[in-house]
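Presented below is the structure to which this report refers.
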Amino acid sequence: MSFHHISVLLHETVESLAIRPDGIYVDGTLGGGGHGFAVASRLQQGGMLIGIDQDEDAVRAAGERLESFGSRVRIVRDNYVNLPSVLDSFGIDRVDGIYLDLGVSSYQLDTAERGFSYMEDAPLDMRMDRRKERTAADLVNGCSEQELARIIRDYGEDRCARSIARHIVEARKRQRIETTGELTAIIRRSIPKKLQVGGGHPAMRTFQALRIELNGELEVLEQSIDRMIDRLKPGGRLSIITFHSLEDRIVKNGFRKNENPCICPPDFPVCVCGRKSKGRVITGKPILPSEREREENTRSRSAKLRVFERGQ
């Protein structure tokens with residue numbers, strides 16, 4: 001199966017970076033290279049795009065898609081949390097722009113054996129980086145009932161989290177839960193029929209929660225924002241697309257903290273904490289997909305783009 005992914009907020013993201021033809025840019029979630037192709041197309045002599053992705057299928061597919069740009073594009077298989085060391089490996093101190101397209105790709109959802117989808121029966125995997133040993137099956141079969149309930153409640157925002165966790169624990173006592181189909185059937189039994197009407201697929205929230213927990217997605221994002229801003233040149237921009245309210249909150253708060261890091265009490269006449277602003281938030285409100293994009297690509301409906309610009 002070819003690596004197919006529809007790039008969300010493509011035009012808006014590229015425009016938000018205010019690309020310089022000779023600039024250096026980092027795509028921290030390269031995927032199939034959709035955003036990367038648009039960025040690389042705007043680069044000329046001296047310009048460079050560094051693409052990072054932890055998924056081996058994405059690295060291969062993006063390499064093929066971006067091959068025509070030659071040495072203008074460099075691709076690294078890694079997690080964007082390690083962006084500083086990736087830049088160091090190229091002898092690069094600061095860059096003109098960084099962007100992230102968070103969440104799971106269309107390819108990962110549509111490739112059954114990756115275990116991200118509740119629509120087909122497959123091994124319960126969900127690893128974005130298959131070099132990691134722990135799978136979603138290990139998570140489902142190894143976590144306590146309380147821990148499962150917390151994961152599903154916090155990351156899936158599912159009001160039936162405790163019931164789902166209880167049913168999972170009861171089912172695994174009989175036999176280990178190994179497939180997406182088995183887990184989906186358990187989730188269906190856990191949610192009252194009246195709540196399954198009109199709220200999307202009953203397994204959607206639990207699958208999202210397990211994926212976020214397994215891949216440490218929120219922790220990686222929290223750890224990365226300050227690091228990425230620190231590696232921007234003056235005037236450089238960081239653009240992040242989120243698909244989940246918790247992701248968006250992390251980005252919003254991270255940007256706000258870098259714009260106004262002062263922790264002095266509000267009644268102090270002058271700042272004494274010494275914390276200086278690193279720049280400004282470009283997007284007072286997040287940029288959302290157009291009505292047309294939401295209609296053409298249903299996976300774009302929850303997308304939000306926020307942009308931060310490094311100060312001088």
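Only Lys, Arg, Asp and Glu carry charge here, each on its Cβ (+1 for the first two, -1 for the last two); on that basis the chain has a dipole of about 840 debye about its Cα centre. Between the amide H of R130 and those of E56, distances stay under 5 Å, these residues lying 5 or more places away or on another chain, with hydrogens modeled in the peptide plane.
Label reach from R294 (point 7 Å along Cα→C-beta): in segment 231-271, amide nitrogens under 17 Å belong to 242-245. Count Lys and Arg as plus one, Asp and Glu as minus one, and take only other residues whose Cβ is under 13 Å from that of D226; the net charge is then +4. Name the residues of segment 152-195 whose amide N is less than 20 Å from a point 7 angstrom out from the Cα of E219 along the C-beta direction? What the label zone holds, given the 20 Å backbone N cut-off, is 152-157. Couplings 3J(HN,Hα) of segment 148-163, computed from phi: 4, 4, 5, 4, 5, 5, 6, 9, x, 6, 9, 6, 9, 4, 5, 5 Hz, in residue order, whole Hz [Karplus 6.51 cos²θ - 1.76 cosθ + 1.60, θ = phi - 60°; x for Gly and Pro].
Here's how it looks for V95: its modeled amide H is under 5 Å from those of L232, K233, which are all 5 or more places away or on a different chain.
Restricting attention to segment 95-177, which trypsin sites (Lys or Arg not before Pro) occupy a DSSP loop and are surrounded by at most 14 other Cβ atoms within 10 Å?
Details: sites: R114, R127, R130, R131, K132, R134, R150, R153, R159, R162, R166, R172, K173, R174, R176; in loops: R127, R130, R131, K132, R134, R159, R176.
Here the trypsin sites (Lys or Arg not before Pro) that fit, given the DSSP loop and packing criteria, are R130, R131, K132, R134, R159, R176.
A Förster radius of 41 Å, combined with the Cβ-Cβ distance separating E147 from E67, puts the computed FRET efficiency at roughly 0.40.
The simple spin-label model puts a point 7 Å past each Cα toward its Cβ; for R227 and Q196 those points are separated by 4.2 nm.
For segment 35-107 versus segment 182-227, the inter-centroid distance based on Cα atoms is 28 Å. Helix content alone sets the calculated 222 nm mean residue ellipticity of the chain: runs of n ≥ 4 DSSP H residues at -39500 (n - 2.57) each, divided across all residues, give -11500 deg cm²/dmol. In this rough spin-label picture, where each label sits 7 Å from Cα along the Cβ direction, the S85-R159 distance is 4.4 nm. When DSSP beta bridges are limited to those with both residues in the chain, what percentage is antiparallel, rounded to the nearest 5? The antiparallel proportion sits near 40 percent.
Inter-label distance, I282 to N253: 2.5 nm, where each label sits 7 Å from its Cα along the C-beta direction. Matching the structure-derived Cα extents along the principal axes in Å against the labelled list (i) 60, 42, 38; (ii) 50, 41, 39; (iii) 60, 58, 39 gives the label (iii). Couplings for segment 105-110, taken from phi via the Karplus curve 6.51 cos²θ - 1.76 cosθ + 1.60 with θ = phi - 60°, read 7, 4, 4, 5, 5, 7 Hz in order; Gly and Pro are left as x. If the chain linking R94 and A18 were pulled fully straight, counting 0.36 nm for each residue of separation and taking away their Cα-Cα distance, it would gain 25.8 nm.
Which FRET efficiency, nearest 0.05, do T179 and C271 yield, Cβ-Cβ r, R0 51 Å? Don't jump to the answer; show the numbers that get you there.
Numbers: r = 57 Å, r/R0 = 1.11.
Efficiency, rounded to the nearest 0.05: 0.35.
Just so you know, all these numbers are worked out from the coordinates, no wet-lab data involved. All of these numbers come straight from a predicted model, not from anything done at the bench. All Cβ positions, glycine included, derive from the backbone under ideal geometry; neighbour counts span all protein chains shown.
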